[in-house]
1. Here is a check on your reading of the model: is ASP53 closer than 29 Å to GLY147 by Cβ and modelled with pLDDT of 85 or more?
2. Return the only residue of SER86, SER42, SER47 being loosely packed, with under 12 Cβ neighbours inside 10 Å, in contact (Cβ under 8 Å) with a residue 24 or more places away in the chain and either in a helix (DSSP H, G or I) or in contact with a helix residue (DSSP H, G or I) (Cβ under 6 Å, 6 or more places away or on another chain) (or both).
3. Name the single residue, out of those in segment 92-131 being assigned to a helix (DSSP H, G or I) and open to solvent by 40 Å² or more (accessible area, probe 1.4 Å), that is nearest to GLY82 (Cα to Cα).
4. Name every residue in segment 9-28 that is in a loop (DSSP other than H, G, I, E, B) and modelled with pLDDT of 80 or more, in order of residue number.
5. Among the residues of segment 113-124, are any at pLDDT 90 or above, closer than 14 Å to PHE75 by Cα and touching a strand residue (DSSP E or B) at 6+ places or on another chain (Cβ under 9 Å)?
6. So which of GLY71, GLY81 ends up being open to solvent by less than 70 Å² (accessible area, probe 1.4 Å) and in a loop (DSSP other than H, G, I, E, B)?
7. Within segment 75-93, identify whether any single residue is touching a strand residue (DSSP E or B) at 6+ places or on another chain (Cβ under 6 Å) and of a type outside the set (A, V, I, L, M), and answer yes or no.
8. One residue is enough: does segment 144-152 have a residue meeting the conditions of a type in the set (Asp, Glu) and either within 25 Å of ASN30 (Cβ to Cβ) or loosely packed, with under 11 Cβ neighbours inside 10 Å (or both)?
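The values are calculated or read from the model by the stated rules, or taken from the named source; none is laboratory data. If you're wondering where the values come from, they're calculated on a predicted model, not measured in any experiment. Using ideal geometry, Cβ is built from the backbone for each residue, glycine included, and neighbour counts are taken over all protein chains shown. Heads up: the accessible areas ignore ligands, DNA and RNA and are worked out on the full protein's heavy atoms, side chains in. Shrake-Rupley method; radii C 1.70, N 1.55, O 1.52, S 1.80 Å.
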Amino acid sequence: KNGMLNIRSKPRSLAQFTSSHYSRNQINLNLDPAARCDRFISELLESALPDFDIELLQRMAGQCLLGINLGQKIFMLTGTGGGGKSTLTKIIQSIIGHENICPLRTEHLETRFEIFNYIGKTLLIGADVPGDFLQSTGAFMLKSIVGGDTLLAEPKGTLRHLF
C-alpha cells in the first residue's frame, strides 16, 4: 500500500509508485521491513512444509501479485485434513485480493462461457476438489491457461480474447 518492492535493487528496497511500474494488484497492507510473524512461520509454514516448499510458496504468491505465471506452473497444496491448507489459502487470498481470484472448475473449462470468468484474474483456486479433478473432461485446458496461450473467452453475445 505504501509503495512497490524493487526486486532489482540489492538489497531489495521500497520504491514509490510510478507509471513506469507494471502492477495492477496493490496490496492493502503497508510494507514494514522489520515486521515478522513468527507464529505464522513456525505454526503454519514450518510445521507443514519443508524449507524449499516455503520458498516455492512465496514465489507462487508473488507471481499471483504480478499477474504473470512466469513458471507456467500449476501449484497444488496437498495433505491431510487439518494441516493448514485452507488457512494458508485464505491468507494468500486476503493478500492478493478477492477481486483478483476466481474458482477453478476443471469440469467446466471446455464449456462455452467458463474461460471468460478468468479475464483479469491472477489466481484460480480449486478448493476441496475431488481426487480425480485433473481427469475431468476440461482439465486439458489447464496447459493452455498456464502456458499463456491465446484463448477465446465468450461472454453471452460476443467473443473476446484472453491473453
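1. For ASP53, the condition - closer than 29 Å to GLY147 by Cβ and modelled with pLDDT of 85 or more - is met.
2. Residue meeting the stated conditions: SER47.
3. Among residues in segment 92-131 that are assigned to a helix (DSSP H, G or I) and open to solvent by 40 Å² or more (accessible area, probe 1.4 Å), the one nearest to GLY82 (Cα to Cα) is SER94.
4. Hits for segment 9-28 are SER9, LYS10, PRO11, ARG12, GLN16.
5. Yes: one or more hits.
6. Of the residues listed, the single one that is open to solvent by less than 70 Å² (accessible area, probe 1.4 Å) and in a loop (DSSP other than H, G, I, E, B) is GLY71.
7. Yes, there is a match, as at least one residue in segment 75-93 is touching a strand residue (DSSP E or B) at 6+ places or on another chain (Cβ under 6 Å) and of a type outside the set (A, V, I, L, M).
8. The answer is no; no qualifying residue exists.
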